[in-house]
1. Probe of 1.4 angstrom, ligands and nucleic acids ignored: what's the accessible area per residue over segment 1-141, in square angstrom?
2. Taking every DSSP beta bridge that has both residues in the chain, what percent is antiparallel when rounded to the nearest 5?
3. Just how much of E243 is accessible, in Å², when a 1.4 Å probe is used and the result is rounded to the nearest 10?
4. With angles folded into 0 to 90 degrees, how steeply does helix 243-253 sit against the dominant principal axis of the chain? Use alpha carbons for both and round to 10.
5. Check each of the chymotrypsin sites (Phe, Trp or Tyr not before Pro) in segment 153-213 and keep only those in coil by DSSP with at most 10 other C-beta atoms within 10 angstrom; list them in order.
6. Grab the DSSP H runs of the chain that are 4 residues or longer, score each as -39,500 (n - 2.57), total them, divide by all residues and round the 222 nm result to the nearest 500 deg cm²/dmol.
7. Where a ≥ b ≥ c are the square roots of the eigenvalues of the C-alpha gyration tensor, would you call segment 1-144 rounded, which needs a/c under 1.5, or, failing that, prolate if a/b is larger than b/c, or oblate?
8. So what's the convex hull volume per residue for the Cα atoms of segment 92-136, in Å³?
Amino acid sequence: QGGFTMNNLLMEVENEIAVVTINRPKSLNALNSETLAELDQCFSEISRRKDIRVVILTGSGEKSFVAGADISEMVNASPAEGRQMGLLAKEAFLKLETMPQVTIAAVNGYALGGGCEISMACDIRVAAENARFAQPETGLGILPGFGGTQRLSRLVGKGRAKELIFTCDQIDAEEAYRIGLANKVVPQTELIDYCKKMAAKIMSKGSYAISLAKEAINTGMDTDLSSGLTLEADLFGLAFSTEDKKEGMTAFLEKRKADLKDF
Ligand code: HXC
């Protein structure tokens, strides 16, 4: 059903759910430039596809989601190359963050540095009990360069983001849940099934309405309240033009289950 294999990632599509697996198990799924380029291409393709409504992003193996950017590639990189890597990730992760589909990171182990950062570009993070999150960059003499200084502070607040980035502390799944970095913690063996069940629940709602809500939340978080509220009103108005709105409200009044189809 339109899945594919690239050098460093796999995508399988079933029942309108795409499972994207970062697949470099020998280096614990570390992100090198080739993987970033493949992710960018994969996210562009998914955003265009109407047959995919939820994306689950995970890492291969049982130990690691993504152990960060590839240190063996960065060790000899020049300042210009470092910046280029950051910009490549910026573009790819923005595609992930803003695609109309709902994205769930299934964090199956280490989510370090770039791994924590790519999970934060997803809408929702579900952590396996063995997940570990950290931003270890300052211990390597660099700083988070794939969005960590921006997305971590937006997700967990400025104080906690600074503590995690300055100490490089690894936190477990429970602590990530406590501070709002993980939405849910589940046993490793149930991780993908749990994400698929969550996907099914999300897909029973209005997918187009969800994509508008996602846009309102994402854009609104980066703007002032009044502009965010105006955007919300605009998108709210737009939703009134859809078949789903007619069906959703009529079904409620007729006391039956709504059959929502727009995407
Ligand atoms: C390259 C990596 C890697 C990484 C692991 N490996 N993480 N290679 N880049 N980020 C490789 C190891 O070198 C090793 O290769 C193999 O994967 C298995 O890892 P081990 O260290 O042997 O496993 P273990 O002892 O279980 O420790 C797991 C670990 C540790 C705790 C996850 O590997 C680790 O600390 N990794 C680095 C985490 C990190 O600092 N990430 C942030 C990167 S900076 P060999 O060949 O020896 O088998 C970053 C910046 C983003 O992400 C922004 C950039 C612009």
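The values are calculated or read from the model by the stated rules, or taken from the named source; none is laboratory data. Note that the coordinates shown come from a computational prediction; the quantities given were computed from them, not determined experimentally. Using ideal geometry, Cβ is built from the backbone for each residue, glycine included, and neighbour counts are taken over all protein chains shown. Only protein heavy atoms, including side chains, enter the accessible area calculation; ligands, DNA and RNA are left aside. Shrake-Rupley method; radii C 1.70, N 1.55, O 1.52, S 1.80 Å.
1. On a per-residue basis, 40 Å².
2. Just about 30 percent of them are antiparallel.
3. 110
4. Once rounded, the angle reads 60 degrees.
5. Hits after loop and neighbour filter: nothing returned.
6. -14500 deg cm²/dmol
7. Verdict is prolate for segment 1-144.
8. Cα-based convex hull of segment 92-136, divided per residue, equals 56 Å³.
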